[in-house]
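In what follows, a single structure is set out as structure tokens and then discussed.
The values are calculated or read from the model by the stated rules, or taken from the named source; none is laboratory data. Keep in mind that this is a model prediction, so the values were computed, not measured. Please note: Cβ atoms are built from the backbone with ideal geometry, for glycine as well, and neighbour counts cover all protein chains shown.
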Amino acid sequence: MTRAPDLLVFSDLDGTLLDHHDYSWAAAKPGLQRLSDLKAGLVLASSKTAAEILPLQQKLGLFGMPAIVENGSGVLWPDQPDSGKTCYAKLRAILAELPKGFKGFGDMSDSEIANLTDLDPQQASLARQRRFSEPGLWTGSNSGLEAFLAAAQEHRLHARQGGRFLTLSFGTTKADAMRDVISHFTPRLTIALGDAPNDREMLELADHGVVVHNPHSAGISQFPSDTEARILRTKQAGPQGWSDAILALTRDL
């Protein structure tokens, strides 16, 4: 990207830009082409690691653009390929001082992670290359978990229990990372698209938010009325809904 874009688009991946079943973005091609024609910037925002997102950026032709990785725990800047590595080292050092019982990705092999996640070994290896956060499993007692979480909080670590993993980070969200990217580019207009509750703050922050229909999740509940007026809810799911929304919101640009 040779200049700061007037339009900056922030997009979740799985179930949004990527199909829920086969992870294809084929149905999003009309919307992607429209953004290319407008010379808009597209910032991927996902729970995926930098190692997972970089190949996807290259396939999509998103050269020179940052990406929001590990659910907003960090930003991968194109001119800082090693960004976040010292953050992860600091996080792991703190975890080593906490009460025992947490087994993070850094303590597991690629095959262990593959078995836990249904990823293939190569994908598991990429998911294990953390920079800003550490997912893992609690292997101790309930009382031990309480002590662990209390100690983590004392060290200013944020703990979030997902469907399978307990993830430790320094507490930033997709919206926090989005603010950093907006501050860097200062676009005239922003659009954010997502399908799940962890995208909610990102959609609220954008000039136009898009809730992409996902029949496989609970979706995103209604916003306060003034915010809901800026929200487009798609009828189609995944990349088809994504493309429809982009074409609709950029029709007059």
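Here are the numbers for the structure shown:
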| read-out | value |
| --- | --- |
| Sole exception among (1) within 30 Å of residue 152 (Cβ to Cβ); (2) at pLDDT below 95; (3) not in a loop (DSSP other than H, G, I, E, B) for residue 81, by number | (3) |
| Exclusive hit being closer than 14 Å to residue 73 by Cβ and small (Gly, Ala, Ser), set 125, 111, 133 | 133 |
| 2 or more residues buried (at least 19 other Cβ atoms within 10 Å of the Cβ): qualifying strands (runs of 3 or more DSSP E) within the range 100-163 | 102-104, 133-138 |
| Where residue 227 falls short, out of the listed (1) out of contact with any His (no Cβ under 7 Å at 6 or more places or on another chain); (2) assigned to a loop (DSSP other than H, G, I, E, B); (3) outside the structural domain of residue 134 (by TED's automatic domain parsing); (4) of a type outside the set (Gly, Ala, Ser) | (2) |
| Filter result (over 18 Å from residue 48 (Cα atoms) and not aliphatic (A, V, I, L, M)) within the range 113-153 | 138, 139, 140, 141, 142, 143, 144, 146, 148, 153 |
| Candidate set: the range 193-217, residues that are of a type in the set (A, V, I, L, M) and within 12 Å of the chain's Cα centre (by Cα); chosen: the one nearest to residue 28 (Cα to Cα) | 193 |
| From the options 188, 179, residue that is more than 30 Å from residue 89 (Cβ to Cβ) and surrounded by fewer than 21 Cβ atoms within 10 Å (Cβ to Cβ) | 188 |
| Flag if residue 251 is more than 18 Å from the chain's Cα centre (by Cα), closer than 14 Å to residue 31 by Cβ and surrounded by fewer than 16 Cβ atoms within 10 Å (Cβ to Cβ) | yes |
| Failed item in (1) farther than 29 Å from residue 63 by Cβ; (2) without any contact (Cβ under 8 Å) to a residue 12 or more places away in the chain; (3) within 22 Å of the chain's Cα centre (by Cα), with residue 86 passing the rest | (1) |
| Out of 39, 48, sole residue that is within 30 Å of residue 168 (Cβ to Cβ) and assigned to a loop (DSSP other than H, G, I, E, B) | 48 |
